[in-house]
Amino acid sequence: MCVLDVADKNLTPLRLADNNYGPAEEVQTAQESKAKWRSKPLHGRYLNTIESEAMDTEGSTTYLRTGNLFIETEGFIAALQDQVVSTKIYRRNILKEQVDNAKCRMCGEKDEYLDHILSGCSVLAPKAYLDRHNRVAGIVHQNLRVEYMGLTETTPYYQYTPQPVYETENALLYWNRPIITDRTIPNNIPDIVLTLKNEKRTYIIDIAVPLPSNIMKTHAEKINKYLPLADEIKKMWKMESVTIVPIVVGATGEIPHKLHAGLKTLKLQNGLYIPIQKSVLLDTCSIVRRVLGDQE
Ligand SMILES: [Zn+2]
């Protein structure tokens, strides 16, 4: 039985055990099985995404090697990445079921594609997506306090609630705090702002968890969004440098090379992408399960 079979309890509509997904009849090389996987239209999309040049292919599947998720969760993530989850659109278009109303059961506005549930639903945005986003931001924030502010006793990431401001002799750390500027700057509330006073450096850090296909676009948008604020901070606070550091992770755990670069810029340990990935995956699984209902 493969991982997908274990996860396939109606939520993923394929009867995987009856299908060709069981143990391969013959041993395939990784290359061969990838080629076979890619040739299936729904599956190819995920592989193509994580194998694009901008992505850390290895890192995007780290969660499979660390063994810190339940096997059912791993199976469910595979189903999400392959888009074999029983959304209304999937049931209508792939399973050819009679679905009279294919609008999202949460917002009733958009068609219920999996992508919509993963990151596009207006009803999920204010709480579910925000919580997922804030947990990633919290991991980064707490580790900045360890690195720059002498924090020694850390809190489990899912219980971590930062204060808006922390300050030590050399460092100032803002969480979700409007930056007061002389002239009006429309985007003046980054998730995190770190200032190292002695070095006269400021980092504007902003987190996003988009669809895997939007990772690079989101990264670029974050930079553009905060350029005016970066300029203003540099002048107002007389900084040597102000660096915008987007932290962008795909909603199904995809890791771009730029995430590693961002952690390095902040002098955080590179291994931090592992708890970040885990946190995103657990939240994404719980969002989809909650929306589609517990059909087990
Ligand atoms: Zn919706």
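Rule-based calculations on the coordinates, nothing more; no lab input. On a predicted model such as this, the values are computed, not experimentally measured, just so you know. Neighbour counts are summed over all protein chains in view; Cβ atoms, including those assigned to glycine, are modelled from backbone coordinates with ideal geometry.
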When the charge dipole of segment 175-225 is computed with +1 on Lys and Arg Cβ and -1 on Asp and Glu Cβ about the Cα centre, the Cα farthest towards its positive end, among TYR203, PRO186, ASN176, belongs to TYR203
To the nearest 0.05, what FRET efficiency results for THR181 and ARG290 with a Förster distance of 45 Å applied to their C-beta separation? 0.70
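Before anything else, pin down the relative contact order of segment 125-280: Cα pairs under 8 Å, at least 6 apart, normalised by residue count, whole percent.
Details: 244 pairs, mean separation 32.2, N = 156.
Relative contact order comes out at 21 percent.
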Peptides 218-229, 60-71: what's the order by average Cβ count within 10 Å, highest mean first? 218-229, 60-71
Enter the Cα centre distance for the pair segment 241-290 and segment 82-147, rounded to the nearest angstrom. 18 Å
Starting with the highest mean, order 153-166, 111-124, 257-270 by the number of other Cβ atoms within 10 Å, averaged over the residues of each peptide. 111-124, 257-270, 153-166
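Determine the dipole magnitude for segment 125-280: charges of +1 sit on the beta-carbon of Lys and Arg, -1 on that of Asp and Glu, nothing else is charged, the reference point is the Cα centre, and the result goes in debye to the nearest 20.
Details: 19 positive and 14 negative charges, 45 e Å.
Taking the Cα centre of segment 125-280 as origin, the dipole is about 220 debye.
Assign unit charges at the C-beta atoms only (+1 for Lys and Arg, -1 for Asp and Glu), then state the dipole size of segment 191-296 relative to its Cα centre in Debye, rounded to the nearest 20. Before the final figure, lay out each step's value.
Working: 15 positive and 11 negative charges, 97 e Å.
Here the size comes out at about 460 debye.
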Pull up the DSSP beta bridges for segment 125-280 and report the antiparallel fraction as a percent, rounded to 5. 60 percent
When every alpha-carbon pair in segment 125-280 is counted, what percent end up more than 27 Å apart? 18 percent
By per-residue mean of other Cβ atoms within 10 Å, what is the highest-first order of 100-106, 281-287? 281-287, 100-106
